[in-house]
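Reading through the structure tokens given below for one structure.
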Amino acid sequence: MKPDIIGEWFVLRSLSIGLIDISEIMSLAWKLEPSRVGKFLTNCITDFPEESALPAILACVPERDDVAL
């Protein structure tokens, strides 16, 4: 699944209305596909810079030991 603007919006909107627990999802994503998570976050920042849920998703940066290299 490639990050796209609809997927970015869906994740940010779901987070803002309390539909998802972003910390668990992001923890797993960072472990499995860190480069794709980085690209996804970059796209979210670029496409939705004023989104209220953005700080919460950006706060889910893992410790270095938790990221697959």
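The values are calculated or read from the model by the stated rules, or taken from the named source; none is laboratory data. Quick caveat, the model's predicted, so the values are computed rather than measured. Note that we place each Cβ from the backbone using ideal geometry, even for glycine, and neighbour counts take in every protein chain shown. Ligands, DNA and RNA are stripped out before the accessible areas are found, and what is left, the full protein with its side chains, is counted by its heavy atoms. Shrake-Rupley method; radii C 1.70, N 1.55, O 1.52, S 1.80 Å.
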- prompt: Looking at segment 1-32, which of its residues are hydroxyl-bearing (Ser, Thr, Tyr) and over 14 Å from Glu51 (Cα atoms)?
  reply: Ser23, Ser27
task: Could you tell me which of the residues Met1, Met26 is hydrophobic (A, V, I, L, M, F, W, C) and modelled with pLDDT under 85?
output: Met1
task: Test each condition in (1) open to solvent by less than 90 Å² (accessible area, probe 1.4 Å); (2) free of Cβ contacts under 8 Å to residues at least 12 places away in the same chain for Ile22 and report the one that comes out false.
output: (2)
- prompt: For segment 28-56, how many residues are open to solvent by less than 50 Å² (accessible area, probe 1.4 Å) and either within 16 Å of Asp4 (Cβ to Cβ) or without any contact (Cβ under 8 Å) to a residue 40 or more places away in the chain (or both)?
  reply: 11
